[in-house]
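Asker: Just dropping this structure here.
FYI, it's all coordinate maths here, none of it is from the lab. These numbers come from a predicted model, not from an experiment. Counting neighbours? That spans all protein chains shown, and the Cβs are built from the backbone with ideal geometry, glycine included.
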Amino acid sequence: MSIFPLPVFEADADPDRRDALTLEEQHARLEPPKTIVVRFGRMGLVGEYPSDGSIRPGCGSKIIARTHRGVEMTEMLTTTCTNAGCGKSVTRKDMRDYIETSGGVDYPFHDTGRILRIATADDLSHETRNLEAARQRRRMVEAIVEELELDMRIVDVELILGGDHITVHYMVEEKFDTRTLQKRVADAFTCRVDMHQVGARDEARLVADYEKCGQHCCCKNFLKVLKPVSMRSAKQQKATLDPLKISGRCGRLMCCLRYEDQTYKQLKANLPHRKTRVGTADGPGIVIDGKILTQLVLVELDHNHNRIAVPLEELLDPDTCPNPADINTKQSEDDEAASKGPRRKRSRRRKKKPSGQTGSAQTADPATETPSVDAVEGGDKPKKKRRRRRGRRRRSNESDSK
């Protein structure tokens, strides 16, 4: 088979032309991204902000952006430029579809802001100092809570790069007015303070690291909308119902139970319900149980009550499937008839007329016939025959006397 060179690759095939452009020059020829999608904050918020085209960051670069909270450090996720020179670049339609399927209006997405610059070494040092200061300010907030005797727990305190905004994440059993605490914290730090109430799952997103599977917690890694997980998902997937084994770092049911829930629903809908009558190659029976992933049905047969596992595609109609019970019954009847064989007819002998007997007694019992000569000579005469002969003599004498 011949290989024909394509004109579009002829320029790249020339080594002289390919080496003429340096990596910087090749990168400069690419179209700069129009907007950049970044992740920021301890809660992993996502935002898409316009860029003036003066910077060309790569995925994972630290970028300084002005968000709805102020100037803060962000991490670049991807760009929405179709010719950004990165395999992770997406179109706006793909990004919107992803947001819609990942939570819709609940997805923490923001577009009010803009990209300022790529983070410098000073910006990274300032961010590290803010992390140390956040731990100290958390202890100060906890002291204020104890002073006010409030029934609440401080989970985390977050500072942004500009230092003009502080977010306090807290947990409470019941909602109450936090304006007094907010005013005390604002006076202590001389900045704007936001009080953010979180739940058990958001707490795991802030402070948890690894899950029992060995991976980063889903809520900290990629999950943005933490929907509740019901016990029905665990029962449907035949998982253990031990709370210690199906609960995550937050103490709630693990989010991964929800990943395959839709698949389990579709596969379970294909299986017949329990106590349903089905047909198999071994005869009809009743459905006892089913395996969702393997699509196997446990059937108890009617004729011998044995339980067999049958694939879903091999199930038959119970009315038209072969029935071994009928086959065995017919075979047993045939065997019984063959064992008995044809009936033999009994042969009847006609009784001989004794000499001198009238026509009224034409037949006689075969047992009254004259015995053989050998039996007479031997004197071995049966008693029954002698009695009958005496009776005949008596009757003959009576007839002669008349």
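Asker: Determine which residues of region 37-73 fall in the zone a paramagnetic label at residue 122 would reach in this model, i.e. backbone nitrogen under 17 Å from the point 7 Å along Cα→Cβ.
Answerer: Output list for this probe position: 63-65, 71-73.
Asker: Name the shape class, rounded, prolate or oblate, that the alpha-carbon gyration tensor gives for region 206-262, where a ≥ b ≥ c are the square roots of its eigenvalues, rounded holds for a/c under 1.5, and otherwise prolate holds if a/b is larger than b/c and oblate otherwise. Let's see the in-between values first.
Answerer: Numbers: a/c = 1.98, a/b = 1.46, b/c = 1.36.
Taking the square roots of the gyration eigenvalues as a ≥ b ≥ c, region 206-262 is prolate.
Asker: Between residue 59 and residue 316, how high is the FRET efficiency from 1/(1 + (r/R0)^6) when r is the Cβ-Cβ distance and R₀ = 51 Å? Nearest 0.05. Spell out each step's value before the answer.
Answerer: Numbers: r = 56 Å, r/R0 = 1.09.
After rounding to 0.05, the efficiency reads 0.35.
Asker: Turning to a different aspect of this structure: Sort 48-59, 263-274 by packing, meaning the average of other beta carbons within 10 Å per residue, with the highest value first.
Answerer: Values: 48-59: 15.8, 263-274: 12.7.
Output ranking for 48-59, 263-274: 48-59, 263-274.
Asker: Moving on. Once the piece of chain linking residue 114 and residue 295 is laid out straight, how much longer is it, given 0.36 nm per residue of separation minus the C-alpha distance between them?
Answerer: Working: separation 181, 0.36 × 181 = 65.16 nm, distance 5.25 nm.
In short, 59.9 nm is gained.
Asker: Which FRET efficiency value, to the nearest 0.05, is calculated for residue 150 and residue 192 with the Förster distance at 30 angstrom and r the Cβ-Cβ distance?
Answerer: Details: r = 21 Å, r/R0 = 0.69.
Between residue 150 and residue 192 the formula returns 0.90.
Asker: Among the GluC sites (Glu not before Pro) in region 117-208, which ones are in a DSSP loop with at most 15 other Cβ atoms within 10 Å of the Cβ? Mind listing them?
Answerer: Values: sites: 127, 132, 142, 146, 147, 149, 158, 173, 174, 203; in loops: 149, 173, 174.
Answer in residue order: 149, 173, 174.
Asker: Quick check: net charge around residue 217, other residues with Cβ under 9 Å of its Cβ, Lys/Arg +1 and Asp/Glu -1? It would help to have the intermediate numbers written out before the result.
Answerer: Details: positive: 205, 220, 249; negative: 209, 211.
Here the count lands on +1.
Asker: Continuing with the same structure: Here are some pairs, 93/224; 62/183; 175/245; 62/245; 93/268; 235/275; which of them have Cα atoms lying more than 27 Å apart in this structure?
Answerer: Working: 93/224 19 Å; 62/183 33 Å; 175/245 31 Å; 62/245 38 Å; 93/268 34 Å; 235/275 19 Å.
Result: 62/183; 175/245; 62/245; 93/268 exceed 27 Å.
Asker: Please give the net charge around residue 96, taking every other residue with its beta carbon less than 12 angstrom from that of residue 96, where Lys and Arg add +1 and Asp and Glu add -1.
Answerer: Working: positive: 92, 93; negative: 48, 94, 97, 100, 111.
Computed value for this residue: -3.
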